[in-house]
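Taking it in order: structure first as structure tokens, then the write-up.
The values are calculated or read from the model by the stated rules, or taken from the named source; none is laboratory data. Note that the structure is a prediction, hence the values are computed from the model and not measured. No Cβ is skipped: glycine too gets one built from the backbone with ideal geometry, and neighbour counts run over all protein chains shown. These area figures cover heavy atoms from the full protein model, side chains too; ligands, DNA and RNA do not enter into them. Shrake-Rupley method; radii C 1.70, N 1.55, O 1.52, S 1.80 Å.
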Amino acid sequence: RQLLLDTVSYAESAICRRIVLLHYFGEKYESDNCGNCDNCLNPKEQIEAKDEIVRGLKAILEVNEQYKAEHISDILIGNKTAAVKSFKHYTLDCFGKGNDHDEKFWNAVFRQSMVAGLINKDIENYGLLKVTEKGHEFLANPVSFMLVKNHDYDEAAASDDSGGAPS
């Protein structure tokens, strides 16, 4: 399941595909733009996300770095899933603090935070998110973080559906 989620994340990512692939294999691509992939040739909208990065990092720490991105997204959005209820995570300070965004947005926050080195995914422990030393430094002194908005294929499919027969 974790590998499938990584594949979906790669497909939906709007940052340079070379950066994402090299990061997956533990390497770093020094440029922000390879000039060859679809995302670099057609750059996507960027938004300031310093506050969202801080909220995400704080949520990871509040659950003691013991949960995956999906669960932390549910906490931030305020989704009372079975897992959130069973662990009583609806009582956390961060519960619902990210309800101004959806799960896809929070996935972009976590993915791009990983690429930036603010968090890492502990693959040997089922993909648990951990805040790195660089992430702790970011929390102590937040700076601008431009987040590239991921592709929204649901929205694109809805706008492509004309509802009629082809002419």
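Points to keep in mind about this one:
- Residue match in segment 60-74 (condition: in contact with a Cys (Cβ under 6 Å, 6 or more places away or on another chain) and either under 21 Å from L5 (Cα atoms) or open to solvent by 40 Å² or more (accessible area, probe 1.4 Å) (or both)): yes
- Failed item, numbered, when Y29 is tested on (1) under 23 Å from P142 (Cβ atoms); (2) in contact with a Lys or Arg (Cβ under 7 Å, 6 or more places away or on another chain); (3) among the hydroxyl-bearing types (S, T, Y): (1)
- Hits in segment 84-120 (condition: open to solvent by 40 Å² or more (accessible area, probe 1.4 Å), at pLDDT 95 or above and assigned to a helix (DSSP H, G or I)): K85, S86, Y90, T91
- Filter result for I75 (closer than 25 Å to K28 by Cβ and either in contact with an Asp or Glu (Cβ under 9 Å, 6 or more places away or on another chain) or of a type outside the set (S, T, Y) (or both)): no
- Residues of segment 45-59 that turn out to be open to solvent by 90 Å² or more (accessible area, probe 1.4 Å) and modelled with pLDDT of 95 or more, as a count: 2
- When segment 37-66 is filtered for residues that are closer than 21 Å to G78 by Cβ and part of a helix (DSSP H, G or I), the ones remaining, listed by number, are D51, E52, I53, V54, R55, G56, L57, K58, A59, I60, L61, E62.
- Selection within segment 2-34 - among the small types (G, A, S) and loosely packed, with under 13 Cβ neighbours inside 10 Å: A11, G26, S31
- Long-range neighbours under 6 Å by Cβ, at least six apart or interchain, first residue among the acidic types (D, E) and modelled with pLDDT of 95 or more within segment 29-44, second assigned to a loop (DSSP other than H, G, I, E, B) and surrounded by 11 or more Cβ atoms within 10 Å (Cβ to Cβ): none
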